Amino acid sequence: MKTIIHKADTRGYANHGWLKSHHTFSFSGYQDAERMNFGALRVLNDDVVQPKMGFGTHPHQNMEIISIPLKGALSHKDSMGNKRAIDEGEVQVMSAGTGLTHSEFNDSKTDAVNFLQLWIIPEAMNVSPNYEQRRFDALAQKNKLQTVVAPKDKLEGNALPISQQAYIYRSDLESGRDITLHLRNGNNGFYIFLTEGEIEVGNLTLRNRDAVGVYETDKVTIKSNENSKILIIEVPMN
């Protein structure tokens, strides 16, 4: 088993006033040749958007984009005609494919929004753009894995579809509990991002916003030292 650890305080950081963003991988003004991606996972941004502020209309192409609000709600509008807000407990996916434009805005007058945005490199270029979002039951991730994103040709449960052989899971582990992850195939790896709490992965201890990539193994066990919220991204490594 091989691992690569990314401690929270090693992430790139940008403070634009209206937006405070931590970048796990190279993004915008933060560039590090050693932090370009983990397999097909290209971006993991931890964004805080101030009240009544947001991202103006901008384009995307040939990227799988997943947004996960951790606190607050974010309004979304795109060139496919979608106009909705995504809230805590929901996950949004966009297959940008041949191209789309969208905007994201915090409509609250008082509260900041904290959300994660992931970019996953697609397995095929120039697919038809697609947008979906869904609310997931928090009880379904208590002390077990909940699949929230899956390949569009291998959907399971109510997981949202993307154009890549990748999966995203969420788990809320109570203190003293553990969970074992099994890779879908030997070419994949797990990127484990801790949003809250303290966990152990092998001989590594992770705390708030720490992450570890695990690959060249068929399974990995996560042990929780305190109540923890975990995001797990399983992606092809090449």
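Overview of results
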read-out	value
Per-region count, the range 183-217, residues at positive phi and open to solvent by less than 10 Å² (accessible area, probe 1.4 Å)	1
Test for Thr180: is it out of contact with any strand residue (DSSP E or B) (no Cβ under 6 Å at 6 or more places or on another chain), β-branched (Val, Ile, Thr) and either on the phi > 0 side of the Ramachandran plot or open to solvent by 40 Å² or more (accessible area, probe 1.4 Å) (or both)	no
Among (1) touching a residue at least 24 places away in the same chain (Cβ under 8 Å); (2) in contact with a Pro (Cβ under 7 Å, 6 or more places away or on another chain), the one test that Phe55 misses	(2)
Filtered residues of the range 218-238 (kept if among the charged types (D, E, K, R) and either open to solvent by less than 40 Å² (accessible area, probe 1.4 Å) or outside any loop (DSSP other than H, G, I, E, B) (or both))	Lys219, Lys223, Glu226, Lys229, Glu234
Selection within the range 11-52 - touching a His at 6+ places or on another chain (Cβ under 6 Å), without any contact (Cβ under 8 Å) to a residue 24 or more places away in the chain and within 28 Å of Ser163 (Cβ to Cβ)	Gly12, Tyr30
Qualifying residue in the range 25-40 (condition: crowded, with 20+ Cβ neighbours inside 10 Å and small (Gly, Ala, Ser))	yes
Pair list, Cβ < 8 Å and 6+ apart or interchain, from the range 94-114 residues that are closer than 13 Å to Ser79 by Cα to residues that are assigned to a strand (DSSP E or B) and acidic (Asp, Glu)	Met94/Glu64; Met94/Asp78; Ser95/Glu64; Ala96/Glu64; Leu100/Asp78; Thr101/Asp78; His102/Asp78; Ser103/Asp78
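The values are calculated or read from the model by the stated rules, or taken from the named source; none is laboratory data. Since we're looking at a predicted model, the values are computed, not measured. Note that we place each Cβ from the backbone using ideal geometry, even for glycine, and neighbour counts take in every protein chain shown. Protein only, heavy atoms only, side chains kept; ligands, DNA and RNA dropped before computing areas. Shrake-Rupley method; radii C 1.70, N 1.55, O 1.52, S 1.80 Å.
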